[in-house]
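In what follows, a structure is listed as structure tokens, so that the remarks can point back to it.
The values are calculated or read from the model by the stated rules, or taken from the named source; none is laboratory data. Keep in mind that this is a model prediction, so the values were computed, not measured. Glycine gets a Cβ as well: all are built from the backbone with ideal geometry, and neighbour counts include every protein chain shown. What goes into the accessible areas is simple: the full protein's heavy atoms, side chains included, and nothing from ligands, DNA or RNA. Shrake-Rupley method; radii C 1.70, N 1.55, O 1.52, S 1.80 Å.
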Amino acid sequence: MDLRYSETDEKFRSELRAWLEQAVPAHGTPPATHDWPARRAYDTGWQGKLFEAGYAGINWPAEYGGRDASLTEQLVYYEEIARANAPYIGVNFVGMLHGGPTVIAEGTPEQKERHVRPILTGDQVWCQGFSEPQAGSDLAALKTSAVRDGDDYIVNGHKIWCSFAQVADYGELLVRTDPEASKHGGISWLILSMDTPGIEIRPLRTLAGEGEFSEVFLDNVRIPVSNLVGQENDGWRVTNVTLRFERGTAFASEMYNLQELLAEVARAAKKVTRHDASAWDDRSLRREVGHIQAELDALWAMLKLSISEAGETGVPGVGASAVKLYYTELNQRVGELAMRVLGRAALSRENVGALPSRHFLHKALQSLSLTIAAGSSQIQRNIIGERILGLPKERK
Amino acid sequence: MDFRVNEDQEALRDGVRSFCEGRIPLEKLPELEEKNAFDRELWNEFAELGVFALRLPEENGGLGLGAAEAVLVFAELGRYLAPGPLVWSHLAAGRIAGAETGETVVGGIDLSRGEAGPHLIEYADNLDVLLVLRPDGVETLDPKTLALQPVGVPLDPLTPLMQVESLPSGERIGDHALLARLQDEGAALVSAMLLGIAEATQTLATAYAKERQQFDRPIGGFQAIKHILSDTFVRQEAARAAVYAAGATLDHPEAGDVLRTVSGAKVIAGEAAMKNSRACIQVHGGMGYTWEVPAHYFLKRTWVLENSFGGVEDHADRVVARIESKL
Ligand SMILES: Cc1cc2nc3c(=O)[nH]c(=O)nc-3n(C[C@H](O)[C@H](O)[C@H](O)COP(=O)(O)OP(=O)(O)OC[C@H]3O[C@@H](n4cnc5c(N)ncnc54)[C@H](O)[C@@H]3O)c2cc1C
């Protein structure tokens, strides 16, 4: 039960910090949220710089170009990335946290050759085509069909909420290859090249007003059988491999970043006048900030514990569900507090006087997605109840 | 950094757990209650187990262990609702003669926030020495010299109380430095006991939800119950991380901010124990509202511990004071 970082860890920290201190400002400010080509260039450009400096794929195996850092170095990495306010992983998310690791774990030598390094260097952007209108939490209910025709599958279906689809080169696609098999038995995991004829992408607007995700319509799209990852009809198992990577440390820097957002909320409170005093003079507000800070510290300690307990395997246990649940609900509380501190300034998406409405509203609105995406809070509670506490299972 | 409980620590924890399981299982609570909670023999056994001398150096008859080990031990004591002024006597070890061997029973009261009388003193009848935390230092009093009045019915049947109008000043044994130290260590140990309660109530409620049938199935199959229980687990895990962090940081202050980590633990573990004990009663339904099911003991003890070494509000205030300078 020791929280001291080793000398090696601290050396890694000071090198990384020094690098970030020059690299982050040099990369400039992020482009406007609606400018997707610019966003792709910004996010992948940053990925390329991480790669050149030896910081890309911090937890990826060295034989695939990753850093293969120890678990504690990974924690240091997330702390420093957050502290330096480095660019968000952005459009590299699916490649770095889903597609890449899945191809490494399950792909053929050719697939690895074609995708792993380009993902790591920022040359290849991926999106995720898992969900469908009728298959969200109940993902295995997916209907998109893939019918074998010689060396190809012919794919028809409708995917939805595909983040970054409009700028992606490839997609991880779940399809039904055996309509006669059991719900979980007839699914396959395919690599979709996004420039294949027959794909139509229709952006969906999020409640934050952004074009983050899209609907993807697939009309007789031909995908070579060589793009199958894992065996035909074994896609549900492969999917669980994919989702496992997302559960671990994918949101670690965002968790750490919340501390900075809370500090910004406190600083904003000093600028708000209420009852002839600053809002920060309100003891109950200060107390709430202290309370939330205690929860943020507990969250970070939970992550450290979960990483330590995952040990050498590096595979997060089901305990990751507890971390996700705690983090996402806490994130929404910080967002709500930010809105309350703004008061009527929260009615504007642009800054009002000295108050950072733009940033706070962006964070508060975006936080609403966190309890839905990557397994909703209700699904996480089912997982904890059934797999950790051993309570009777839901109908599947 | 390796935040895991190591093998020696596991062995220590398991030892305390099996002692408690054998000596004070939940079924024996009513028996303890009849003895008015304080049991001299049990107290001596706690001393033999090392509960008080845990952190004393070996050359002074202690176990030479640290705060990390102490939070593990106190989490077990909390889980089994162990009676007696355990935290105070542990803090007194090495400072007040006989505390470490259990010969001298040391209790205490925290008046460091300038609390006015009348004061409620836990286990007053059983104490040899009373430690008093004052705003500017630490004092000892001889309880026999105090005008103690009985309190008929304490909230926690396992925490007997006496009342005193005011406390005269006693013999000063330390100034601000000792005060700060006892405040932090006391809060960390009480947080550990609250963690034990958060875990115990989660376990108790989950076990009942698997066994109790309504509408021809275990109530744990109903999502409304399952989700209540999942939340108790999440709170328990947050408390575990926060309390371990408090122990680890007390041992190695260079790894963090002691005050912020300890106060954070008191906030998180206090809420986890409070909410989990309530959930435990709710999941037990009508039986949960009876004296027979031990759920109520946990909630009542939580109220005692919530009011020991500062409550949620006090500690949230301490945390914000630590980050305020960095804004
Ligand atoms: C910002 C964002 C980005 C996303 N990006 C992608 C992406 O890139 N690719 C992709 O494939 N998908 C993506 N998704 C989709 C996401 O995975 C789904 O939204 C999610 O799985 C929930 O499915 P659903 O929306 O159909 O909701 P539903 O499953 O219909 O759920 C609706 C409500 O019912 C509850 N519910 C459902 N089942 C249960 C149950 N068994 N017990 C209790 N409550 C239940 C849910 O918790 C929720 O509150 C994204 C979503 C968001 C918000």
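Residue-wise test of (1) more than 16 Å from the ligand (Cβ to nearest atom); (2) under 19 Å from the mean Cα position of the chain (by Cα).
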position	(1), (2)
A:V289	yes, no
A:A294	yes, no
A:D297	yes, no
A:K304	yes, yes
A:K324	no, yes
A:A354	yes, no
A:F360	yes, no
A:I379	no, yes
A:E394	no, no
Tell me yes or no: at least one residue of region B:275-296 is at the interface with chain A (Cβ under 8 Å from one of its Cβ atoms) and crowded, with 21+ Cβ neighbours inside 10 Å. no
Those helices (runs of 4 or more DSSP H) lying entirely in region B:4-122 with at least 2 residues modelled with pLDDT of 95 or more and among the hydrophobic types (A, V, I, L, M, F, W, C): B:7-23, B:40-49, B:67-79, B:86-92
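Please state which one of A:G150, A:G136, A:G129, A:G171 is of a type outside the set (F, W, Y), within 8 Å of the ligand (Cβ to nearest atom) and within 21 Å of A:E232 (Cα to Cα). Give the steps one after another, and end with the answer.
Working: A:G150 fails: within 8 Å of the ligand (Cβ to nearest atom); A:G136 fails: within 21 Å of A:E232 (Cα to Cα); A:G171 fails: within 8 Å of the ligand (Cβ to nearest atom).
From the options A:G150, A:G136, A:G129, A:G171, the qualifying one is A:G129.
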Per the filter on region B:235-266, residues open to solvent by less than 10 Å² (accessible area, probe 1.4 Å), touching an Asp or Glu at 6+ places or on another chain (Cβ under 9 Å) and not small (G, A, S) are B:T249, B:V262, B:K266
Exactly one of these conditions fails for A:E110: (1) within 13 Å of the ligand (Cβ to nearest atom); (2) within 18 Å of A:S226 (Cα to Cα). Give me its number. (1)
How many of the residues making up region A:362-371 are away from the ligand (no atom under 11 Å from the Cβ) and out of contact with any Gly (no Cβ under 9 Å at 6 or more places or on another chain)? 1
All but one of (1) open to solvent by 60 Å² or more (accessible area, probe 1.4 Å); (2) in contact (Cβ under 8 Å) with a residue 40 or more places away in the chain; (3) away from chain A (no Cβ under 14 Å) hold for B:N307, so report the exception by its number. (2)
Output the helices (runs of 4 or more DSSP H) that fall wholly within region A:240-354 and possess 2 or more residues being more than 12 Å from chain B (Cβ to nearest Cβ), or say none. A:252-271, A:319-342
From the list A:S253, A:S278, A:S308, A:S284, which residue is out of contact with any strand residue (DSSP E or B) (no Cβ under 7 Å at 6 or more places or on another chain) and under 24 Å from A:A69 (Cα atoms)? A:S253
Residues located in region A:221-238, provided they are buried (at least 22 other Cβ atoms within 10 Å of the Cβ) and either under 16 Å from the mean Cα position of the chain (by Cα) or free of Cβ contacts under 8 Å to residues at least 12 places away in the same chain (or both): none
Those residues of region A:174-191 which are away from the ligand (no atom under 13 Å from the Cβ) and assigned to a strand (DSSP E or B) amount to A:R176, A:I187, A:S188, A:L190, A:I191
Would you confirm whether any residue within region A:206-213 is more than 15 Å from the ligand (Cβ to nearest atom), touching a Phe, Trp or Tyr at 6+ places or on another chain (Cβ under 8 Å) and not in a strand (DSSP E or B)? no
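Could you list, in sequence order, all residues of region A:374-396 that are open to solvent by 50 Å² or more (accessible area, probe 1.4 Å) and in contact (Cβ under 8 Å) with a residue 24 or more places away in the chain? Give the steps one after another, and end with the answer.
If we filter region A:374-396 for residues that are open to solvent by 50 Å² or more (accessible area, probe 1.4 Å), which is where we start, we get A:378-379, A:387-388, A:393-396.
Matches in region A:374-396: A:Q378, A:I379, A:R387, A:I388, A:K396.
Looking at region B:207-249 only, could you name the residues that are over 14 Å from A:L389 (Cβ atoms) and within 8 Å of chain A (Cβ to nearest Cβ)? If you could, list the steps in order and put the result at the bottom.
Step one: of region B:207-249, the residues over 14 Å from A:L389 (Cβ atoms) are B:212-217, B:224, B:238-249.
Answer for region B:207-249, where residues must be over 14 Å from A:L389 (Cβ atoms) and within 8 Å of chain A (Cβ to nearest Cβ): B:R217, B:A238, B:A239, B:R240, B:A241, B:A242, B:Y244, B:A245, B:G247, B:A248, B:T249.
Does A:A374 satisfy being small (G, A, S), within 16 Å of the ligand (Cβ to nearest atom) and assigned by TED's automatic domain parsing to the domain that holds A:A263?
Working: small (G, A, S): yes; within 16 Å of the ligand (Cβ to nearest atom): yes; assigned by TED's automatic domain parsing to the domain that holds A:A263: yes.
Criteria met by A:A374.
From A:N233, A:N227, which residue is more than 13 Å from the ligand (Cβ to nearest atom), under 23 Å from A:Q134 (Cα atoms) and among the polar types (S, T, N, Q)?
Working: A:N227 fails: under 23 Å from A:Q134 (Cα atoms).
Among A:N233, A:N227, only A:N233 is more than 13 Å from the ligand (Cβ to nearest atom), under 23 Å from A:Q134 (Cα atoms) and among the polar types (S, T, N, Q).
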